[in-house]
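Step one of this worksheet: look at the structure below.
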Amino acid sequence: MGETAPGRISIRRAAREDASAIYRISEASFTDSWREETILEDLLKDHSLYLVCLREDRIVGYACYWFVLDEAQLVNVAVLPENRKQGLAKKLLEEGLAEARKRHMKTMFLEVRAGNLPAQALYRKYGFSVITLRKAVYEMPREDGYIMKKSL
């Protein structure tokens, strides 16, 4: 997990003191954001990996992955609105995929809102495909979700 130019972008594993920044990004990104306490509790679990994306030493994005047996799950990926469309979610996804391979995961799953076309395009670019539709799985607003899968 390294640094790339320009603007000193880096990705690193999140620490417990990053929970507040992760929560703020989640609140700015999701209408159904987890509580800060939930994020902190999840961040400390053995099966969880939180990555943070820093720009000039400020956390501007994060991704949460779960690793269970030989399956990985991308739980959340989010970037602050003012830092979107700059390839940061892509970097977080690439780091998570690399970690999943390092841990010998066979498959990665994720769920995405049916209306989130930019995220779906990113996931497809990395080889994810829709395997099923979950009706009305999201609240605020109520929306269907796609389960996507990628073989590693």
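With all protein chains kept in place, the per residue accessible area of the chain amounts to 55 square angstrom at a probe of 1.4 angstrom. Using a probe radius of 1.4 angstrom, the carbon and sulfur fraction of the accessible surface of the range 1-97 is 48%.
Estimated translational diffusion coefficient (Stokes-Einstein, Kirkwood radius over Cα pairs, 37 °C, 0.692 mPa s) of the range 42-93: 282 µm² per second. For the chain, the Cα gyration tensor yields ellipsoid semi-axes of 22, 18, 16 Å (square root of five times each eigenvalue, largest first, whole Å).
Across the chain, the longest run free of exposed loop sites, meaning GluC sites (Glu not before Pro) lying outside DSSP classes H, G, I, E and B with no more than 12 other Cβ atoms within 10 Å, spans 57-138.
When nucleic acids and ligands are ignored and a 1.4 Å probe is applied, Tyr146 ends up with an accessible area of around 60 Å². Summed over qualifying helices (DSSP H, 4 residues or more, each -39500 (n - 2.57)) and divided by its residue number, the chain shows a 222 nm mean residue ellipticity of -8500 deg cm²/dmol.
The dipole here belongs to the chain: it is taken about the Cα centre, uses +1 on the Cβ of Lys and Arg and -1 on the Cβ of Asp and Glu, and is about 660 debye. Have a look at His104, Phe30, Val68 and report the one farthest towards the positive end of the charge dipole of the chain, computed about the Cα centre with Cβ charges (Lys/Arg +1, Asp/Glu -1). After comparing all options, I get His104.
The values are calculated or read from the model by the stated rules, or taken from the named source; none is laboratory data. Note that the structure is predicted; figures quoted are calculated from it, not measured. Note: ideal-geometry Cβ built from the backbone for every residue, glycine included; neighbour counts use all protein chains shown. We work out accessible area using only protein heavy atoms, side chains counted, and drop any ligands, DNA or RNA first. Shrake-Rupley method; radii C 1.70, N 1.55, O 1.52, S 1.80 Å.
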